[in-house]
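Taking it in order: structure first as structure tokens, then the write-up.
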Amino acid sequence: MDNKNSSQRMRRRRRKKKPFRKFLKLVLILSIFLGIGAISYGGFLAYKVKTAADDSYSELEREKSDLRETKVELGEDPVNILMMGVESYKDSPGHSDALILLSVNPKTKETVMLSIPRDTRTYLPIIERKDKIGHSYAYGKKGNKEEATIEAVEELLDVPIDYYVRTNFTGFQEIVDEVGGITVDVPFKFSQVSIESKTIYYQKGPMKMNGIEALTYAQMRKADKRGDFGRQERQQQVIQAIADEALSIKSFAKAGNIIETLGDNVQTNITLKEMFAFRNFYKELTQGNIERLNLKGEDEYIDNIYYYVPYDDSIEEISTELKRVLEIEEDTQSGESNTNEMN
């Protein structure tokens, strides 16, 4: 009798333990699947990064700038990056509506930003005559229009362009939306009609903007008393805000979407390795003050066509400052030879 009761108690204890054991098994299985899922998603994200980088990567015909003695590498050496915002419509060769030169020195942690007005009159090597710098993209040969713009900027400023990043307005808008919008400090109150034919109202002070609002804000010129200079500063504001938001993203899903958008709308000769190297020291660079340069000049009509004609001394001053950041020694040979001739 006692043996029978004892056996029943043992069976009851075993039955009581089974639900807990099942729960442990379920947790273990879920953990394994979640672990595999995380690893798989991490691998999938890495694949998306690689695919997007491959899609957007496009080498220039030249291996390095003619103004460089040796090739430089982003993340290790002081470099110049030319950012092009290209406006292109159907049956149009396109033109560079926005040109921003970013000079970065990872050693000194210096960053200099210069916007070049699209109507700047300068010598364009691609056509061997002077014209608006924004037209250089249109004159470039199909498949490598960026090269023509890079050559024009080098001709204007006498500094090497090592890297370029080209995007279209659709990509600009989509990237802002993918990062969840950006916050920009609006300098004054104004309204502007967007490319979607809707009037957008901007209030002075910090304003959260979506893609179309940011694009319209960066493009506006007529309502700004400072004209193209004000427009250039707003473009710089927006670019820095996008970079800050993109680099602060911690969500895998968002990161994946941003990467896809970049791959679809951006073209660059920056490699994946260099992108990661730049990301690593970007925060250090932006902790210091970004020096913003202005290309000074005057409005002029030549053959009834409007141009922005930069002053020679402003070009020289900017060129000297960029060379200092890039650690490029000034060429004094021409000055010495002129002195000898005078003597």
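The values are calculated or read from the model by the stated rules, or taken from the named source; none is laboratory data. If you're wondering where the values come from, they're calculated on a predicted model, not measured in any experiment. Positions of Cβ are backbone-derived with ideal geometry, glycine not excepted, and every protein chain shown enters the neighbour counts. For the accessible areas, the whole protein counts, side chains as well, though only heavy atoms, and no ligand, DNA or RNA atoms are used. Shrake-Rupley method; radii C 1.70, N 1.55, O 1.52, S 1.80 Å.
Scanning segment 160-177 for residues that are open to solvent by 30 Å² or more (accessible area, probe 1.4 Å) and of a type in the set (Phe, Trp, Tyr), we see that the one that is nearest to the chain's Cα centre (by Cα) is Phe172.
Give the residue that is most open to solvent (accessible area, probe 1.4 Å), with candidates limited to residues of segment 144-154 that are of a type outside the set (Asp, Glu) and either assigned to a loop (DSSP other than H, G, I, E, B) or farther than 25 Å from Tyr311 by Cα (or both).
First, the residues of segment 144-154 that are of a type outside the set (Asp, Glu): 144-145, 148-150, 152-153.
Those still in the list that are either assigned to a loop (DSSP other than H, G, I, E, B) or farther than 25 Å from Tyr311 by Cα (or both) too: 144-145.
Details: Asn144: 17, Lys145: 35 Å².
Among them, the one singled out is Lys145.
Residues in segment 120-142 that are open to solvent by 70 Å² or more (accessible area, probe 1.4 Å) and at pLDDT below 90: Lys141, Lys142. Looking at Leu114, Leu157, just one residue is more than 20 Å from the chain's Cα centre (by Cα), buried (at least 22 other Cβ atoms within 10 Å of the Cβ) and at negative phi, and that residue is Leu157. Within segment 153-167, the presence of at least one residue that is in contact with a Gly (Cβ under 9 Å, 6 or more places away or on another chain) and closer than 29 Å to Ile212 by Cα is confirmed.
How about segment 181-231: which of its residues are in a loop (DSSP other than H, G, I, E, B), open to solvent by less than 50 Å² (accessible area, probe 1.4 Å) and either touching a Pro at 6+ places or on another chain (Cβ under 8 Å) or at positive phi (or both)? Across segment 181-231, the qualifying residues are Gly181, Gly227.
Looking across Asp224, Asp185, Asp228, Asp177, one residue alone is in contact with an Asp or Glu (Cβ under 8 Å, 6 or more places away or on another chain) and touching a residue at least 24 places away in the same chain (Cβ under 8 Å). It is Asp228. Annotation note: Cβ proximity below 6 Å between a residue of segment 125-138 that is over 16 Å from Leu157 (Cα atoms) and a residue that is open to solvent by 30 Å² or more (accessible area, probe 1.4 Å) and assigned to a strand (DSSP E or B) (sequence gap 6+ or interchain) occurs for His135/His95; Tyr137/His95; Ala138/His95.
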